[in-house]
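Worksheet: one structure, shown below.
Values quoted throughout were computed directly from the atomic coordinates according to the rules given, and no laboratory measurement underlies them. Note that this is a predicted model, so its numbers are computed, not measured. In this analysis, Cβ positions are derived from the backbone assuming ideal geometry, glycine residues included, and neighbour counts consider all displayed protein chains.
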Amino acid sequence: MAEAIKIDELDIEFKEEVLDKVPDGNFDLCLTCGTCTGGCPASEQFDMDPRKLIRMLNLGMDEQVKKSHWIWVCSMCARCLFACPMNVNIPKLIYNIRRAVPREKRPRGILGSCDQHIRTGSAMGAAKEDFEFTVLDVAEEIREEQEGFEDLEVTVDRVGANMVLNQNSREPVTEPEEMGPLWKILHKVGADWTYPSVMWAGENYCMFLADDEGWKYIIEEFALHVDNNLKSPLVVNTE
């Protein structure tokens, strides 16, 4: 039999701390209807789901919430928020729970990817010179070997392109041939696009790490490059 929760041994300090940072959290309005859990792709991982997390927060189970591995499984996709009849902002809750964990104790994989992105411009740690070489090399192979794409144009840092396209950083490093299909679509529709060489990766692990400064740095460097150097009006993020 499950052990009963002793209410007199609990407090709600963490709940109050989170609500102070997320005024629209609305956690007390939760109806425990389960709508959030029904659409959650991370539900039941580590014996947790969004509804259970909210109940634990409301009951003052601070330490159990902070120690749960589930807070790192949630992708913050916001399906729960869009479905919730009471507009309980679970994604913001998750983000602030992550921020409460000391940075050095956050998952090593996400932490490393965040730091790699800040240092090199991609979560995989690929230098921009290697990225450009791989992109141009794969494009040349397509032009030489695939009929109908002899004039395929793939560029990096082409000034004045109508659209700047981000790229998942894993593909150039581990599956470079997987970049080709998107290029072909863009070619067939006559899109005027280019890759950036600064913060060229589309994913942002600093966001998932709840590293505000890292997240901000990546976005600012990317935006400055697009606006000031490439002077392109549109950005399409593949992630």
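Odds and ends about this structure:
- Computed across the range 184-226, the Kirkwood radius stands at 12.0 Å (inverse of mean 1/r, all Cα pairs).
- Dipole of the chain computed with +1 at Lys/Arg Cβ and -1 at Asp/Glu Cβ about the Cα centre; of LEU93, VAL138, HIS69, farthest Cα towards the positive end is LEU93.
- Point-charge dipole on Cβ atoms (K/R +1, D/E -1) for the chain, about Cα centre, debye to 20: 980 debye
- Footprinting exposure proxy for CYS30, CYS74 (fewest neighbouring C-beta atoms within 10 Å first): CYS30, CYS74
- Residue-by-residue Karplus 3J(HN,Hα) for the range 228-233, coefficients 6.51, -1.76, 1.60, Hz, glycine and proline x: 8, 9, 8, 6, 9, x
- Mean sequence separation of contacting Cα pairs (under 8 Å, at least six apart), scaled by the length of the range 108-236, corresponds to a relative contact order of 34 percent.
- Karplus-derived HN-Hα couplings along the range 48-55 (A = 6.51, B = -1.76, C = 1.60, θ = phi - 60°), whole Hz, x at Gly and Pro: 9, 8, x, 4, 4, 4, 5, 5
- Highest-fluctuation residue, GLU147, GLU213, GLU178 considered, GNM on the chain with Cα pairs under 10 Å: GLU147
- Legend note: in the chain, cysteines whose Cβ sits 4.7 Å or more from every other cysteine Cβ are CYS30, CYS33, CYS40, CYS74, CYS77, CYS84.
- Percent breakdown of C-alpha pair distances by 5 Å bin, ordered from the shortest bin, for the chain: 1, 6, 12, 14, 14, 12, 11, 10, 8, 6, 3, 2, 1, 0, 0
- Order of ASP137, ASP151, ASP227, ASP62 - criterion: other Cβ atoms within 10 Å of each residue's Cβ, fewest first: ASP151, ASP137, ASP227, ASP62
- Our coupling estimate for the range 160-177, obtained by passing each phi through the Karplus curve with A = 6.51, B = -1.76, C = 1.60 and θ = phi - 60°, is x, 4, 5, 9, 9, 10, 7, 9, 4, 6, 6, 4, x, 8, 10, 9, x, 5 Hz, Gly and Pro reported as x.
- Each of TYR217, TYR195 was scored by other Cβ atoms within 10 Å of its Cβ. Arranged with the fewest first, they read TYR217, TYR195.
- For the chain, the longest principal axis of the alpha carbon atoms and the long axis of helix 90-99 meet at an angle near 90°.
- Mean residue ellipticity at 222 nm, helices only, the chain: -12500 deg cm²/dmol; runs of at least 4 DSSP H residues each add -39,500 (n - 2.57), and the sum is divided by the number of residues.
- Relative contact order for the chain, counting Cα pairs under 8 Å that sit 6 or more residues apart, in percent: 19 percent
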